[in-house]
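S.K.: Dumping the structure here so I can ask a few things about it.
The values are calculated or read from the model by the stated rules, or taken from the named source; none is laboratory data. Here the structure is a predicted model, which is why all the values come from computation and not from measurement. We place every Cβ from the backbone using ideal geometry, glycine too, and count neighbours over all the protein chains shown. Note: areas computed on protein heavy atoms with side chains; ligands, DNA, RNA excluded. Shrake-Rupley method; radii C 1.70, N 1.55, O 1.52, S 1.80 Å.
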Amino acid sequence: QVQLVESGGGLVQAGGSLRLSCAASGRTLSSGTMAWFRQAPGKEREFVAAITWRSNTYYANSVKGRFAIARDNAKNTAYLQMNTLKPEDTAIYYCATGNTVITSNSRSYDYWGQGTQVTVSS
């Protein structure tokens, strides 16, 4: 089993920045793709960004140019740097991982964290 724990969420004003972290433990996937998804109240979970073991990245159009995903394989940790935040970025942010090619399909990821709340005030 793989356990994922997200941290770094909080309340920020529009235009501000936050950095989320996702620490993996247990039987970590040495070649796994790591991803971030988010779910706003009353909406379906949506893809945000993903990164492969070799640090190839893929972003949703809504965050491209504002968010940056990174990973530290030695620490089994992924990060999501979020800049120029907007009220519409308000959501619970989830980290996920799996032995998959880089993809926005949530069903390709086998392990999920509990989520961290991000609230952007206008």
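S.K.: In segment 97-109, how many are at pLDDT below 95, part of a loop (DSSP other than H, G, I, E, B) and within 18 Å of GLY26 (Cα to Cα)?
M.R.: So the count comes out to 1.
S.K.: For residues that are surrounded by fewer than 15 Cβ atoms within 10 Å (Cβ to Cβ) and more than 19 Å from TYR111 (Cβ to Cβ), tally how many sit in segment 5-15. First the steps, then the outcome.
M.R.: Restricting attention to segment 5-15, the residues satisfying the condition of being surrounded by fewer than 15 Cβ atoms within 10 Å (Cβ to Cβ) are 5, 7, 10-11, 13-15.
Cutting the leftovers down to more than 19 Å from TYR111 (Cβ to Cβ) gives us 10-11, 13-15.
Total meeting the criteria: 5.
S.K.: Evaluate the following for THR90: is it in contact with a helix residue (DSSP H, G or I) (Cβ under 6 Å, 6 or more places away or on another chain) and surrounded by 18 or more Cβ atoms within 10 Å (Cβ to Cβ)? Break it down into steps so the answer makes sense when it comes.
M.R.: Values: in contact with a helix residue (DSSP H, G or I) (Cβ under 6 Å, 6 or more places away or on another chain): no; surrounded by 18 or more Cβ atoms within 10 Å (Cβ to Cβ): yes.
No.
The rows are residues; the columns are (1) without any contact (Cβ under 8 Å) to a residue 40 or more places away in the chain; (2) more than 16 Å from ARG19 (Cα to Cα); (3) in contact with a Pro (Cβ under 6 Å, 6 or more places away or on another chain).
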site: ASN56; (1), (2), (3): no, yes, no
site: SER62; (1), (2), (3): yes, yes, no
site: ILE69; (1), (2), (3): yes, no, no
site: TYR79; (1), (2), (3): no, no, no
site: THR84; (1), (2), (3): no, no, no
site: ILE92; (1), (2), (3): no, no, no
site: GLN117; (1), (2), (3): no, no, no
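S.K.: Okay, moving on. May I ask you to list the residues in segment 69-96 that are hydroxyl-bearing (Ser, Thr, Tyr), at pLDDT 95 or above and part of a strand (DSSP E or B)? Before the answer, list the steps.
M.R.: Initially, segment 69-96 is screened for residues hydroxyl-bearing (Ser, Thr, Tyr), giving 77, 79, 84, 90, 93-94.
Still in the running and at pLDDT 95 or above: 79, 84, 90, 93-94.
If the condition is that a residue be hydroxyl-bearing (Ser, Thr, Tyr), at pLDDT 95 or above and part of a strand (DSSP E or B), then TYR79, TYR93, TYR94 are the ones that fit.
S.K.: Could we say that ARG19 is of a type outside the set (A, V, I, L, M, F, W, C), on the phi < 0 side of the Ramachandran plot and within 11 Å of the chain's Cα centre (by Cα) here?
M.R.: On the way: of a type outside the set (A, V, I, L, M, F, W, C): yes; on the phi < 0 side of the Ramachandran plot: yes; within 11 Å of the chain's Cα centre (by Cα): yes.
So ARG19 passes the test.
S.K.: Can you pull out every residue in segment 101-112 that is open to solvent by 30 Å² or more (accessible area, probe 1.4 Å) and more than 18 Å from SER62 (Cα to Cα)?
M.R.: Hits for segment 101-112 are VAL101, ARG107, SER108, ASP110, TYR111, TRP112.
S.K.: If you go through segment 14-63 one residue at a time, how many are under 12 Å from MET82 (Cβ atoms) and among the charged types (D, E, K, R)?
M.R.: 2
S.K.: Oh, and also: Select from segment 55-68 the residues that are over 19 Å from ARG107 (Cα atoms) and either open to solvent by 60 Å² or more (accessible area, probe 1.4 Å) or in a loop (DSSP other than H, G, I, E, B) (or both) and list them in ascending order.
M.R.: Passing the criteria: SER55, ASN56, ASN61, SER62, VAL63, LYS64, GLY65, ARG66.
S.K.: For segment 20-41, which positions are open to solvent by 60 Å² or more (accessible area, probe 1.4 Å) and farther than 15 Å from THR119 by Cβ?
M.R.: Correct list: ARG27, SER30, SER31.
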